[in-house]
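Take a look at the structure below.
Please treat every number below as a calculation from the coordinates, not as lab data. Computed from a predicted model, the values in this text were never measured in an experiment. Here Cβ is always computed from backbone atoms with ideal geometry, including for glycine, and neighbour counts include all displayed protein chains.
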Amino acid sequence: MLPAPDRDARYAAALVKAPIRIFAVLGGLIAAALIVWVALDSGDSKGDEGGGTQGGEAEIVSVASLRKAAATQHTPIYWAGLTAGSELELSQPSVDRTYVRYLPSGVEAGDPRPFLTVGSYHFEDPTGALHSRGSQPGGVLAAAPGNGVVYFDRSEPKSVYLAYPDTEVEIEVFAPEFKEALQLVTDGRIVPVE
């Protein structure tokens, strides 16, 4: 048997190591959860990728065709209204994901260059998700007309995200110039297609 001082020292060392082990396990679990969250989130937020219409292809559409598509969707489709000199490109890579891109006249559907894009995604509790993201380092929260919640990442501003209470739609607005996307959102110009 160890003398009392040695036994007490080992006991004290074990007590110090136990919380460290617990925090190490918790840290690992949190890191794993963040990796899963980022992986799932990155699948929902690629407004600058374009996508394709239901079935995989993007197409130039008229306002009437866009309205018809919006009327048949479970998830509302948002857009920035009509923009002079632009054609509308509609793409729907899945039932719950729709993109409206604003292409300069003469640009073909599916062009890989970045243009103004409004993505609409079915998303449970999107305002809660944006508030959560806004509390992360670099996160910025703001308000939009109509009680909208606005989020963007200050450290890497590429898109502006928008959501409204009591809806299940997260809206992503991407523009080659970030300030344009932010201005469209905060001016209340991002609205459902009706």
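With Cα atoms defining each centre, the stretch 121-189 and the stretch 54-97 are spaced 20 Å apart in the structure. Note on the stretch 49-192: percent of Cα-Cα distances in each 5 Å bin, starting at 0 and stopping at the bin with the largest distance, equals 2, 11, 20, 23, 21, 14, 7, 2, 0. Counting 0.36 nm for each residue step from Ala143 to Arg113 and taking away their Cα separation leaves a gain of 7.8 nm.
Remark: the Arg67-Glu168 segment gains 34.4 nm on full extension, using 0.36 nm per residue and subtracting the alpha carbon distance.
Of the residues Val193, Val107, the one with the fewest other Cβ atoms within 10 Å heads the list, and the complete ranking is Val107, Val193.
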